[in-house]
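What follows is one structure encoded as structure tokens, with my remarks underneath.
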């Protein structure tokens, strides 16, 4: 009864706020509900209010896993959003419901490479670690951040994300070995180094570990 009532409200409410609220609640009690996803998707496509756009996109990221409509709408929003905050939020939601999505990964890789503030780079690196498994664009962006970040927390987060998605990739593993060899003070960093050692042929691991290059 609750699902039916909320679905009717989504379809018939005259004001945007009521439709959004009903769709959000419908998505909570019935994840994957086509009516809720459709209503949120229409809000994303038609709303001119930035706050409504961001909220609808975030809710789609909660209830739209694997749904082609949600994926397509969020992908368009990533490409067309006028402000960076909305674009990043849409990319995060897109990556959540469609892990490995190239559009989402590309949108999150850009701030890793170009953002001027450390918080944004840290945030984007963490999100890439969730959705970019095996993706060369994500691996390249994170490897570059490991090599160039001046902030220790940013460098550590980038290394952790790279370890999540790329220790089976030889190029990523070499980058991690070079970058982490002087920073084996934590259990997590040591375990990450061991994963790299399992990926690389021993001569490559030895060369990377004893490289004279000092990336920091």
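Observations, loosely collected:
- Estimated FRET transfer efficiency when R0 is 22 angstrom, pair residue 45-residue 65 (beta carbons, to 0.05): 0.65
- Label positions at residue 206 and residue 72, each projected 7 Å from the Cα along the C-beta direction, are separated by 5.6 nm.
- Protection proxy ranking, highest mean first, for peptides 53-62, 142-151: 53-62, 142-151, where packing is the per-residue count of other beta-carbon atoms within 10 Å, averaged.
- Computed P(r) (all Cα pairs; the chain; 5 Å bins; percent): 1, 8, 15, 16, 14, 11, 9, 8, 7, 5, 3, 2, 1, 0
- For segment 19-119, the alpha carbon positions stretch 39, 28, 21 Å along the principal axes, listed from largest to smallest.
- Counted residue by residue at 0.36 nm each, then reduced by the alpha carbon distance between them, the extension gain from residue 187 to residue 18 reaches 55.9 nm.
- Nitroxide proxy distance, nm - points 7 Å out along Cα→Cβ at residue 152 and residue 119: 2.2 nm
- Label-point gap, in nm, between residue 5 and residue 171 - each point 7 angstrom along Cα→Cβ: 5.6 nm
- When each of the peptides 41-50, 19-28 is scored by how many other beta carbons lie within 10 Å of its residues on average, the order from highest to lowest is 19-28, 41-50.
Taken together, the values in this text are just the output of simple stated rules run on the coordinates, not laboratory data. Remember, it's a predicted structure, so these values are computed and weren't measured experimentally. All Cβ positions, glycine included, derive from the backbone under ideal geometry; neighbour counts span all protein chains shown.
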